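For reference, the structure is listed below as structure tokens.
FYI, it's all coordinate maths here, none of it is from the lab. What you see is a predicted model; the values in this text were computed from it and never measured. Quick reminder, even Gly has a Cβ in these numbers, built from the backbone with ideal geometry, and neighbours come from all protein chains shown.
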Amino acid sequence: MAPPVILFDRIPDDGLQQELVLDDAWLAGVFEGTGLMTVPGAPGHASVRLDKDGRNVFLSGRFEVTAQTDCVACLERMTLTMSADLVLHLEPAGSTKPGKAAHEEVELSRDELDVDVYTDDRIDLAHWLREAILLEAPLHPRHEVCPVKLEMPAAPPLARDGIDPRLAPLARFIKKE
């Protein structure tokens with residue numbers, strides 16, 4: 001089951017704390033097309049807090065998920081744990097800065113880079129958790145120390161003329177003068 005959608009009006013003035021179990025089926029959808037796979041029987045967990053400030057929502061918390069993938073160095077299956085803190089400032093969609101047109105390019109300040117929007121008074125926790133998990137996924141997963149030591153094949157002996165025989169076919173491209 002996916003993390004819930006929280007309606008803005010259901011967030012109490014003193015905030016809302018959610019403890020979530022991220023099940024295998026939902027994580028399988030998050031991992032689709034990434035090379036990551038769920039670990040059966042190892043659901044993820046997220047702890048999320050929502051606080052209101054006027055119409056803005058501050059989402060904070062932490063998640064931890066376990067996944068399996070293949071090591072890019074030794075190609076053996078490996079298990080990795082991804083976790084990160086969440087900190088988001090959410091504004092209602094359509095709230096733009098005064099004096100700025102909706103599609104006008106603006107230069108963002110450091111504070112505005114962490115701002116996202118929610119629509120129709122709905123805070124979709126699945127959307128932001130999915131994004132945070134995928135941002136933590138390694139591009140080139142590898143063991144810290146690979147369990148399989150790969151041996152490089154020995155180079156063939158040099159030919160009589162001192163040229164590596166693997167390079168011999170390139171000799172025909174050399175113009176002799």
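A few notes on this one:
- Neighbourhood charge, 9 Å Cβ-Cβ cut-off, centred on Phe63 and excluding it, Lys, Arg +1 and Asp, Glu -1: -2
- In this rough spin-label picture, where each label sits 7 Å from Cα along the Cβ direction, the Val87-Asp24 distance is 3.6 nm.
- Under the simplified labelling scheme, the Thr79-His127 pair shows an inter-label distance of 3.4 nm, with each label point 7 Å from Cα along Cα→Cβ.
- Cleavage-rule hits (trypsin sites (Lys or Arg not before Pro)) in the range 1-95: DSSP loop, at most 15 neighbouring Cβ within 10 angstrom: Arg55
- Close amide H contacts of Gly15 (hydrogens built in the peptide plane, cut-off under 5 Å, sequence separation of 5 or more or a different chain): Lys52.
- Full-stretch length increase - Arg49, Ile11 - with 0.36 nm per residue and alpha-carbon distance subtracted: 12.7 nm
- The 3J(HN,Hα) values that the Karplus relation (6.51, -1.76, 1.60; θ = phi - 60°) gives for the range 41-48 are, in residue order, x, 10, x, x, 9, 9, 10, 10 Hz. Gly and Pro appear as x.
- Lys, Arg +1 and Asp, Glu -1 on Cβ, resulting dipole of the range 3-73 about Cα centre, debye, nearest 20: 140
- Rounded FRET efficiency, nearest 0.05, which uses the C-beta distance separating Glu107 from Arg62 and R0 of 35 Å: 0.65
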